[in-house]
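Accompanying notes for the structure given below.
The values are calculated or read from the model by the stated rules, or taken from the named source; none is laboratory data. This one's a predicted model, so the numbers in the text were calculated from it and none came from an experiment. So basically every Cβ, Gly included, is an ideal-geometry build from the backbone, and we count neighbours across all protein chains shown. Side chains included, ligands, DNA and RNA excluded: accessible areas come from the protein's heavy atoms. Shrake-Rupley method; radii C 1.70, N 1.55, O 1.52, S 1.80 Å.
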Amino acid sequence: MSANSAEPAGQVAVVLVKAGRTKIRYAADLLADDGTRVAVRAAWAGEGVRDFGFVRFEPGDVFTEYYWRDRWYSVKEVRAADGTLKGWYCDITRPATRTGAELVVEDLDLDLWRSADGSDVRRLDEDEFAESGLAERDPGAARAALRALDELEALARAVGGLESLLS
């Protein structure tokens, strides 16, 4: 299957890279790839429970993840094992690349969370982003990352905003 194929098939390995190293790699079911946006579904790939205080990711949670080849973010719809929507976790990343059965995304440290009911929208890890040195190493990428975070926050605060990206 080519990198721009519109036909979903089988599984892909999602590879999240941070600071030049693989942070996590996991198998996901490929739902769609229209040449610009790739959609996959995967079970929570972390070890045990990860409690952020505002949301818990735990075994049985299902993530439907959307990656773009032309945008500086990914959006993950998070559902509990019983199907209850927990919310959306958004990563600020360089545009995704897909080669065959591998989808690679470079994490740029910034994140955004929106609860299912929209009452909680929060920017995350801005301190990590500042400490990463990206602004000095690659000012253009740092500006693109901050614009992407602003765009996602505006969508997260608008009724139906994040959902409009995913339909």
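Here are the numbers for this structure:
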quantity: The chain - charge dipole about Cα centre, Lys and Arg +1 at Cβ, Asp and Glu -1, debye rounded to 20; calculated: 240
quantity: 1.4 Å probe accessible area per residue over region 101-167, in Å²; calculated: 50
quantity: Signed unit charges on C-beta, dipole axis of the chain, positive-most listed residue Leu124, Ala156, Ala142; calculated: Ala142
quantity: Under DSSP loop assignment and at most 14 Cβ neighbours within 10 Å, longest chymotrypsin sites (Phe, Trp or Tyr not before Pro)-free interval of the chain; calculated: 55-167
quantity: Separation of the Glu126 and Leu166 label points, Cα + 7 Å toward Cβ, nm; calculated: 2.5
quantity: Apportionment of accessible area to carbon and sulfur, the chain, percent (1.4 Å); calculated: 49
quantity: For region 93-135, size of Cβ-based charge dipole, Lys and Arg +1, Asp and Glu -1, in debye; calculated: 300
quantity: Calculated [θ] (222 nm, deg cm²/dmol) that DSSP helices of n ≥ 4 give over the chain, each run adding -39,500 (n - 2.57); calculated: -6000 deg cm²/dmol
quantity: nm² value of the averaged projected area, convex hull over the Cα atoms of region 42-167; calculated: 8.3
quantity: Chain lengthening between Arg157 and Thr97 when straightened (0.36 nm per residue, less Cα-Cα); calculated: 18.8 nm
quantity: Those residues of region 18-46 whose amide nitrogen sits under 18 Å from the label point placed on Ala81, 7 Å along Cα→Cβ; calculated: 42-46
quantity: Relative contact order, percent, region 6-124 [alpha-carbon distance under 8 Å, six or more residues apart]; calculated: 20
